[in-house]
Amino acid sequence: MSKNKLTNSQKRNVARRVEKLHQKQESLPGELSGDLGPVARGTVISRFGKAALVEDNDSRISFKVYIRRTVDSIVTGDQVLYRPPLSSGDDARGLIETVLPRTSLLSRPDYYDGLRPVAANLSLIVTVSAKQPELSTNIIDRYVAAAENSGIPPLIVINKHDLFQDAEKAELDRILGVYREIGYETLTVSAAAGTSIPALRDRLSGETAILAGQSGVGKSSILNALIPDARAEIGSISENSNLGQHTTTGSRLYHLENGGIIIDTPGVREFGLWHLSREELTKCYRDFAPFAGACRFRDCQHKNDPGCAVREAVNQGKIAGFRYENYHRILESMTENMPDAYRIPGKKNSRK
Ligand SMILES: Nc1nc2c(ncn2[C@@H]2O[C@H](COP(=O)(O)OP(=O)(O)OP(=O)(O)O)[C@@H](O)[C@H]2O)c(=O)[nH]1
Ligand SMILES: [Mg+2]
Ligand SMILES: [Zn+2]
């Protein structure tokens, strides 16, 4: 994937940093100095608290590592310069020295902690939905908007195809047809029955993809179907709430035999979009673009405004009604559920 390759100037930068790090031993924490091997390039497989698991890019051997305090943030998928531990005991730890420039970053606003990076260097966001816990175009639209905003293309995957009745399959086809018409890829699979798993595996060849979606839609089940050796833990759907039980607790990167990379993530209740302004969300609605410029007013809210070309396109069937409704529902929920940090102090329902 050309997208994941470093430019020449980035390569020169990396070479310079490796050179510097080779010269500089003195700033290592006392207990680590001397126990570390030479600087090498690695991929962050997972992150836990102040430590991480890094896989060497040449040998594919994984090491537990600490993260140098000067390193800002580390997420699954990051490319790093690190030193492996020289001993092989259980307590042995290497050290991440630097994070290399990211080609892309998927972030998610956390209610308490602000915008948090989810995974780096992605080339594809696989948004997973399923009949269970709930098939919702609103949720799909949230992930599609997050993908658009981060400049990473989405692949809309519907799992648990085995659970759909024939009439429901027709409705599902209609919905997916809308997304395909806009230009998004879609794929219906069943992790349980193995349906279209080979097609998904082929599609992921050469990509760095993330499995994203609500808890219980079957992200880890899809991962295990793609890579049986992954043996990721699978949870059940609660009979009381019909929700997943947040079985996967941290993101983790896996290699496919065909060279693809896939990252399994914990399910989230709601992929928040508070960090986007109304204009930014509108830009994420690619199907609105041909019309939004033709609205009578420049600051058109695309609601009841006179001369709204977007609403007119919906009336004429040129924009799907559910996309338009989701757009407004997302906007409303963005303001309603927005953490105070994003609000203008003293002004209810207003964003900074
Ligand atoms: N019928 C059916 N059930 C499935 C399928 N894929 C997954 N499941 C079931 O869905 C439930 C949740 O699966 P997981 O793979 O743990 O879901 P997840 O998305 O990884 O959930 P979190 O890790 O909590 O985010 C389990 O009971 C699976 O057996 C499928 O294709 N068909
Ligand atoms: Mg899981
Ligand atoms: Zn308008």
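The values are calculated or read from the model by the stated rules, or taken from the named source; none is laboratory data. Given the structure is predicted, the values throughout are model-derived calculations rather than measurements. FYI the Cβ positions are ideal-geometry reconstructions off the backbone, even for glycines, and counts take in every protein chain you see. The protein model used for the area step is the full one, side chains on, heavy atoms only, and it has no ligands, DNA or RNA in it. Shrake-Rupley method; radii C 1.70, N 1.55, O 1.52, S 1.80 Å.
Taken as a whole, segment 265-283 holds no residue that is open to solvent by less than 20 Å² (accessible area, probe 1.4 Å), free of Cβ contacts under 8 Å to residues at least 24 places away in the same chain and within 16 Å of ligand 3 (Cβ to nearest atom). Hey, does segment 79-102 have a residue that's closer than 21 Å to Gly244 by Cβ and buried (at least 23 other Cβ atoms within 10 Å of the Cβ)? Taking every residue of segment 79-102 in turn, none turns out to be closer than 21 Å to Gly244 by Cβ and buried (at least 23 other Cβ atoms within 10 Å of the Cβ). Taking the conditions exactly as written (aliphatic (A, V, I, L, M), open to solvent by less than 60 Å² (accessible area, probe 1.4 Å), in contact with a helix residue (DSSP H, G or I) (Cβ under 8 Å, 6 or more places away or on another chain) and assigned to a helix (DSSP H, G or I)), does Leu187 satisfy them or not? When the stated conditions are applied, Leu187 does not pass them. Of all the listed residues (Arg231, Arg201), the sole one being surrounded by fewer than 20 Cβ atoms within 10 Å (Cβ to Cβ) and within 16 Å of ligand 2 (Cβ to nearest atom) is Arg231. With the structure loaded, tell me whether Ser46 is modelled with pLDDT of 90 or more, in a loop (DSSP other than H, G, I, E, B) and of a type in the set (Gly, Ala, Ser) or whether it fails that test. It is false that Ser46 is modelled with pLDDT of 90 or more, in a loop (DSSP other than H, G, I, E, B) and of a type in the set (Gly, Ala, Ser).
If you go through segment 304-336 and pick out every residue that is surrounded by fewer than 12 Cβ atoms within 10 Å (Cβ to Cβ) and modelled with pLDDT under 95, you end up with 3. Among the residues making up segment 155-183, those that are open to solvent by 10 Å² or more (accessible area, probe 1.4 Å) and within 23 Å of Pro290 (Cβ to Cβ) are Arg174, Ile175, Gly177, Val178, Arg180, Glu181, Ile182, Gly183. Within segment 105-128, being aliphatic (A, V, I, L, M), in a strand (DSSP E or B) and either under 25 Å from Ser205 (Cα atoms) or open to solvent by less than 10 Å² (accessible area, probe 1.4 Å) (or both) holds for Leu105, Leu106, Val118, Ala119, Ala120, Leu124, Ile125, Val126, Val128.
For the criterion of being more than 30 Å from Trp274 (Cβ to Cβ), modelled with pLDDT under 95, outside the structural domain of Asn149 (by TED's automatic domain parsing) and surrounded by 15 or more Cβ atoms within 10 Å (Cβ to Cβ), Val71 fails. Within segment 234-247, the set of residues being open to solvent by less than 40 Å² (accessible area, probe 1.4 Å) and away from ligand 2 (no atom under 13 Å from the Cβ) comprises Ser238 only. Selection within segment 129-142: residues that are assigned to a helix (DSSP H, G or I) and more than 13 Å from ligand 1 (Cβ to nearest atom). The member of this set that is farthest from Pro117 (Cα to Cα) is Thr137.
Among the residues of this structure, Arg278 does not count as one that is modelled with pLDDT of 95 or more and over 30 Å from Ser62 (Cβ atoms).
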